[in-house]
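Attaching a single structure in structure tokens format; questions to follow.
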Amino acid sequence: MLETSSESPAPVRAVTEAIKEYLDRLGPIWIEGEIAELNERSGGMAFLRLRDSSVDMSLSVMCHKSVLASVAPLPANARVVLYAKGSWYTKNGSYTLSAREIRQVGVGELLARLEALKTMLAAEGLFDSENKVALPLLPRKIGLICGRNTDAERDVVENAKRRWPAVQFEIREVTVQGAAAVSEVSAALAELEALADVDVIIITRGGGSFEDLLPFSDEGLVRLAAQCSTPIVSAIGHEKDSPLLDLVADFRASTPTDAAKRVVPDINEEIDLIEKLRDRASRFMRNMIELESSKIANLAARPVLRDPAVMITSRLEIITSLRDRSIRSFQGRLAIAQEELQQVTARVRALSPQATLDRGYAVVQLADGSIARDSAALTDGEKLRIRLAQGETSAMVTS
């Protein structure tokens, strides 16, 4: 470890040699990345730049042509795994990896990795339907992430303007294939997400091979899309293509043209719908007016409205009739009761002792009020009360 200070700094030579000594301790390692550049020199050596697709970072790698020949021919932006030893060149202060073996990552291995990543993200809930955000009916501005001067961009813009001529776009043209695709698409997505007037974001590109669409299955890009609050429409490739971005997006369009149809309504259809709704409302109002007019006419034709006093006169006749009925009923009941009373009175009078007295008989009572029934029971000088038909008198027994 170098001991330095402002008074005794280390020279450049000592620093570079210390770096070389430290890096030489790092043995050969396996590295994975995408080949961004490849140059074969006449001296039997090949130089390439190995890049990480998720970040803007790369390493210089050199190898003998015989090492490269084992995997030749390599497609553009091929993903490889290489076994290399790092070297630090003290003269120019550069670090270069010397590859001893290169292996191209096969499609089968990439598919297996992609499936494992898909399973992990699904377990975290990134693809759940409750996380999806509904697309706006008519966005103020559409964010569009696409390739530079591509058919996908033209399809989205032209079809959207054909459906809604006043639609506005915020377009970010980026690299949609290769090592720089992930970083540029991610940066454009973050930028559009920060714009308040962008109501929906379309991420699109045309079809391509499985390797061409791999950037849209990058874990970092997928997680960034899941965190966005602005609805995202994924229109990557065609119907058969299905990168992981399709699963996390709020809506998956089968083609760029389909994406344009989904984010903006058709102005002709909307005008036709408005006209139908207007006609429907007009018919409804006319029917309602006709119905209420008919009700008013029927009410106006009623006698009570022609002569409002009929409400009183008709009720007066009913009340008078009820009153007369009640009087007749009451009088009838009184007559029956009087007749019954006379009959009962006659029967009572017929049975009353007064009737006997009225015929000339008298009732003789003793002093205690009891009736004298036997003359033998009387004594001389006993006082008696004699009750006549009219009044009463007193007497005394003499014999």
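Would you mind calculating the gained length between residue 385 and residue 60 on full extension (0.36 nm times residue separation, minus the Cα-Cα distance), in nm to one decimal?
On the way: separation 325, 0.36 × 325 = 117.00 nm, distance 16.25 nm.
Full-extension gain reported as 100.7 nm.
Under a GNM of the chain (C-alpha, springs under 10 Å), which listed residue has the highest mean-square fluctuation: 286, 103, 306?
Among 286, 103, 306, the largest mean-square fluctuation in the Gaussian network model of the chain belongs to 306.
Over all directions, average the projected area of the Cα convex hull of the range 259-373 and note it in nm².
24.2
Would you look at the GNM of the chain, springs on alpha carbons closer than 10 Å, and say which of 199, 128, 368 moves the most?
So, out of 199, 128, 368, the one fluctuating most is 368.
Assigning unit charges at the beta carbon (Lys, Arg +1; Asp, Glu -1) and nothing else, what dipole magnitude in debye, to the nearest 20, does the chain show about its Cα centre?
Dipole magnitude for the chain comes out near 1980 debye.
Identify all lysines with a Cα-Cα distance to residue 261 below 24 Å; exclude those on the same chain that are fewer than 8 residues away in sequence.
132, 141, 161, 240, 276
Can I ask one more? Counting only other residues whose beta carbon sits under 12 Å from that of residue 385, what net charge do I get with K and R as +1, D and E as -1?
-1
Nearest 10 degrees is fine. How inclined is helix 151-163 to the longest principal axis of the chain, computing both from alpha carbons?
30
For the range 300-311, just list the computed ³J(HN,Hα) in residue order, Karplus coefficients 6.51, -1.76 and 1.60, θ = phi - 60°, integers in Hz, with x standing in for Gly and Pro.
Listing the rounded values in order: 5, 7, 6, x, 5, 7, 5, 9, x, 5, 5, 4 Hz.
Using alpha carbon centroids, what distance separates the range 285-312 and the range 26-100, in Å?
97
Ranking 272, 258 by Cβ neighbours within 10 Å, fewest first, what do you get? Write out the running numbers ahead of the final one.
Numbers: 272 11, 258 19.
In order of increasing Cβ crowding within 10 Å: 272, 258.
Where a ≥ b ≥ c are the square roots of the eigenvalues of the C-alpha gyration tensor, would you call the chain rounded, which needs a/c under 1.5, or, failing that, prolate if a/b is larger than b/c, or oblate?
prolate
Treat every Asp and Glu Cβ in the range 1-133 as -1 and every Lys and Arg Cβ as +1, leave all other atoms uncharged, and give the resulting dipole magnitude about the Cα centre to the nearest 20 debye.
The dipole magnitude comes to about 580 debye.
Contour minus end-to-end for residue 69 and residue 288, with contour as 0.36 nm per residue of separation and end-to-end as the Cα-Cα distance?
70.2 nm
Would you mind working out the magnitude of the charge dipole of the range 5-77 relative to its Cα centre, with +1 at each Lys and Arg C-beta and -1 at each Asp and Glu C-beta, to the nearest 20 Debye?
In total the dipole reaches around 260 debye.
Another one. Which one, 270, 130, 340, has the greatest fluctuation when you compute a Gaussian network model over the chain with C-alpha springs under 10 angstrom?
Of 270, 130, 340, the most mobile in the Gaussian network model is 340.
For the chain, with the dipole built from +1 on Lys and Arg beta-carbon atoms and -1 on Asp and Glu ones, taken about the Cα centre, which of 66, 194, 253 lies farthest toward the positive end?
The residue sitting farthest along the positive end of the dipole is 253.
Here, each number is a calculation from the coordinates, and none is a lab measurement. For clarity, every value in this text was computed on a predicted model and none was experimentally measured. Ideal geometry is used to build each Cβ from the backbone, glycine not excepted, and the neighbour counts take in all protein chains shown.
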